[in-house]
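The values are calculated or read from the model by the stated rules, or taken from the named source; none is laboratory data. This structure is a prediction, so every number in the text was calculated from the model and none was measured. Cβ placement follows ideal geometry from the backbone for every residue including glycine, while neighbour counts extend to all protein chains displayed. Heavy atoms of the whole protein, side chains included, go into the accessibility calculation; ligands, DNA and RNA do not. Shrake-Rupley method; radii C 1.70, N 1.55, O 1.52, S 1.80 Å.
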Amino acid sequence: MLHVQNLSFSAGKKQILHDLNLTLSHGKFVAIIGPNGAGKSTFLKCLAAVTKPTSGTISIDGVLLNYLKGEDRAKKIGYVPQHFLQSFPMTVQEYVMLGRKPYIKWNVTDLDQQVVNETLQYLKLESLQQNYVDELSGGERQRTSIARALVQQPTILMLDEPISALDIKHQIQVLNSIKQLANENRLVIVVLHDLELASRYSDYVVLMNQGKIYKVGSPSEVITKQSLRDVYDVHAKVHPTEFGLSITVIEAV
Ligand code: ADP
Ligand code: MG
């Protein structure tokens, strides 16, 4: 269980997050959505303990985030930032293995190797495993960062716009593999811009606007004609389909 209470964050004089409250349980796929600058990345950084909130508390399974350190925290939280993996003189296989660090005592074990191999297979990265990370395309890099977070086998996986550089096939592959983690009783929190995919995959949607949580609920409760108008300033049609919601933006208001 992830519990956020009265969380605020300011950078200098500018308040970016305003008194956020949220409780999320394991086994759920949660999408954070909202317009540019809404505070999604800042919120995720606070949850991942990358940024320290100005006030408020975050706890995981009853333990305050501040008290979780080192390997214990790495086993609990996997985090993939929005812009990641600039340049590393390492192969994909070596880079992904770094995600096993919290588990490796002396040497890489057969289990570590097995988890890495399965994940590379899962994300269709096997053919690239000996390639250097620096030489990958944007989408391949993005999938490699996700693979590294997956092999960490965290209780809570947080991903900031993980499919922004992926083609439609890889978007679905990545979302399926993340969904699988939620089905294995982990908590997955994903910042997504694609509202249709967010509605298709999520159990809950957190809609943010201007540093606040505007609404939390099921996709069809949160992604409505009215909330799209209020938060995104668009006039849109929203229809339920077999695979989540179909959203057509008619015009910007
Ligand atoms: P999102 O991910 O929803 O697009 P961000 O969390 O990146 O939004 O940013 C929210 C707002 O906070 C933006 O207006 C951004 O410019 C501002 N911001 C983020 N980090 C800082 C910082 N360290 N200093 C000043 N302003 C910041
Ligand atoms: Mg962002």
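Points to keep in mind about this one:
- Segment 144-171, residues that are away from ligand 2 (no atom under 16 Å from the Cβ) and open to solvent by 10 Å² or more (accessible area, probe 1.4 Å): Arg148, Leu150, Gln152, Gln153, Thr155, Leu166, Asp167, Ile168, Lys169, His170, Gln171
Conditions (1) without any contact (Cβ under 8 Å) to a residue 60 or more places away in the chain; (2) surrounded by fewer than 14 Cβ atoms within 10 Å (Cβ to Cβ); (3) farther than 19 Å from Met208 by Cβ, marked per residue:
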| position | (1), (2), (3) |
| --- | --- |
| Ala48 | no, no, no |
| Lys69 | yes, yes, yes |
| Lys76 | no, no, yes |
| Pro102 | yes, no, yes |
| Trp106 | yes, yes, yes |
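- Residue list for segment 172-185, filter: within 14 Å of Ala147 (Cα to Cα) and either surrounded by fewer than 14 Cβ atoms within 10 Å (Cβ to Cβ) or among the polar types (S, T, N, Q) (or both): Gln173, Asn176, Ser177, Gln180
- Hey, Asn117 open to solvent by 60 Å² or more (accessible area, probe 1.4 Å), touching a helix residue (DSSP H, G or I) at 6+ places or on another chain (Cβ under 6 Å) and at pLDDT 95 or above or not: no
- With respect to the conditions (1) assigned to a loop (DSSP other than H, G, I, E, B); (2) at pLDDT 95 or above, Val249 lacks only one, and its number is (1).
- Of the residues making up segment 190-221, those that are charged (D, E, K, R) and either in contact with a strand residue (DSSP E or B) (Cβ under 6 Å, 6 or more places away or on another chain) or away from ligand 1 (no atom under 16 Å from the Cβ) (or both) are Glu196, Arg200, Asp203, Lys212, Lys215, Glu221.
- Residues in segment 1-15 that are more than 13 Å from ligand 1 (Cβ to nearest atom) and part of a loop (DSSP other than H, G, I, E, B): Met1 only.
- Meets criteria (in contact (Cβ under 8 Å) with a residue 60 or more places away in the chain and basic (Lys, Arg)) for Lys212: yes
- Every residue from segment 120-133 that is open to solvent by 60 Å² or more (accessible area, probe 1.4 Å) and either in a helix (DSSP H, G or I) or closer than 20 Å to Leu166 by Cα (or both): Gln121, Tyr122, Lys124, Glu126, Ser127, Asn131, Tyr132
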